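Engineer: Here it is, the structure in full.
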Amino acid sequence: MRSFGRRRARRLTPRQENLLDDELSRLRLDLSSPPPADLTRLFKGQIREVWLEIGFGGGEHLLHQARTNPDVGIIGCEPFIDGVVKVVDGAITRGLDNILIHSDDARDVLNWLPDEVITRTFVLFPDPWPKKRHTKRRLVNISLLVDVARVMAPAGELRLATDIGDYAKHMLQAIRRQGSFEWTAHQPANWRVRPPDWPDTRYENKAIREGRRCYFMRFERRS
């Protein structure tokens, strides 16, 4: 079942269309061939490890992490075309060559990846699907966590964020039931305060403007 809704908000400008036509192919993750034994070979330069962001939205977080961690390759998954264009534009403008994009369902990438190759995974402010009849569409569930756990290296870090209290509870319940991750929080500040290496995004800022509390949760992949 799809966990995302619409794939485009507005008509793209001619420049944005050109970015998709001419530049996305250079950044697109090729799922038609088997993954290399060493996943860092997907990227140019001296890459020491690979991270995965599932649903990068407007791309602020992904671009920040790619810019501040040039020795890390980041695979970003996002079906929303407006967000894909922003990341392509940002990568080209800033000369970032440690980003690869899958502009569709992240589960395609999870199915393609080998075991234990990702050292950090982000799922930040996914669509909350707040109506009770839609909760089955929530991205963070046991099925997704099984797939994420398989591709993550032991002691790898999973970061989840939401501004919906019910979804935070839903995430924690799914984590507990799936069993592959340990919550690293020891005090309320560990999930109430965004860590310094975790930039703010438009979704977080919107939540703050509208008076909602944000939850920043970090988990370690059990060995």
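The values are calculated or read from the model by the stated rules, or taken from the named source; none is laboratory data. It should be emphasised that the depicted structure is a prediction, and the values quoted were computed from it without experimental measurement. Note: ideal-geometry Cβ built from the backbone for every residue, glycine included; neighbour counts use all protein chains shown.
Engineer: Mind listing just one residue for me: the one in segment 116-131 that is of a type in the set (D, E, K, R) and in contact (Cβ under 8 Å) with a residue 24 or more places away in the chain and, of those, farthest from Ser223 (Cα to Cα)?
Structural biologist: Asp127
Residue-wise test of (1) surrounded by 14 or more Cβ atoms within 10 Å (Cβ to Cβ); (2) among the hydroxyl-bearing types (Ser, Thr, Tyr); (3) touching a Leu at 6+ places or on another chain (Cβ under 6 Å).
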{"residue": "Asp147", "(1), (2), (3)": "yes, no, yes"}
{"residue": "Pro154", "(1), (2), (3)": "no, no, no"}
{"residue": "Asp166", "(1), (2), (3)": "no, no, no"}
{"residue": "Ala189", "(1), (2), (3)": "no, no, no"}
{"residue": "Arg192", "(1), (2), (3)": "no, no, no"}
{"residue": "Pro195", "(1), (2), (3)": "no, no, no"}
{"residue": "Met217", "(1), (2), (3)": "yes, no, yes"}
{"residue": "Glu220", "(1), (2), (3)": "yes, no, no"}
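Engineer: Of all residues in segment 63-100, count the ones that are crowded, with 19+ Cβ neighbours inside 10 Å, part of a loop (DSSP other than H, G, I, E, B) and touching a residue at least 40 places away in the same chain (Cβ under 8 Å).
Structural biologist: 3
Engineer: Next up: Name, by its number, the condition in (1) assigned to a helix (DSSP H, G or I); (2) more than 23 Å from Trp129 (Cβ to Cβ) that does not hold for Ala174.
Structural biologist: Single failed check for Ala174: (2).
Engineer: Return only the number of the condition from (1) modelled with pLDDT of 95 or more; (2) basic (Lys, Arg); (3) touching an Asp or Glu at 6+ places or on another chain (Cβ under 7 Å) that Arg67 does not satisfy.
Structural biologist: (3)
Engineer: Taking the residues in segment 101-125 that are more than 16 Å from Arg150 (Cα to Cα) and in a loop (DSSP other than H, G, I, E, B) as candidates, determine which candidate is nearest to the chain's Cα centre (by Cα).
Structural biologist: Phe125
Engineer: Right, next: Within segment 101-118, can you find the residues that are surrounded by fewer than 19 Cβ atoms within 10 Å (Cβ to Cβ) and either out of contact with any Pro (no Cβ under 7 Å at 6 or more places or on another chain) or of a type outside the set (A, V, I, L, M, F, W, C) (or both)?
Structural biologist: Asp104, Asp105, Arg107, Asp108, Asn111, Pro114, Asp115, Glu116
Engineer: Glu23: of a type in the set (Asp, Glu) and at pLDDT 95 or above, yes or no?
Structural biologist: No, not satisfied.
Engineer: Same structure, new question: Quick check, is Arg11 more than 20 Å from the chain's Cα centre (by Cα), more than 18 Å from Thr93 (Cα to Cα) and modelled with pLDDT of 90 or more?
Structural biologist: Answer is no for this residue.
Engineer: Okay, next question. Quick one: would you say Arg133 is more than 18 Å from Tyr215 (Cα to Cα) and modelled with pLDDT under 95?
Structural biologist: Against the criterion (more than 18 Å from Tyr215 (Cα to Cα) and modelled with pLDDT under 95), Arg133 qualifies.
Engineer: On to the next question. Checking the conditions here, which among Glu60, Glu49, Glu53 is surrounded by fewer than 19 Cβ atoms within 10 Å (Cβ to Cβ), among the charged types (D, E, K, R), touching a residue at least 40 places away in the same chain (Cβ under 8 Å) and in contact with a Ser or Thr (Cβ under 8 Å, 6 or more places away or on another chain)?
Structural biologist: Going through Glu60, Glu49, Glu53 in turn, the sole match is Glu49.
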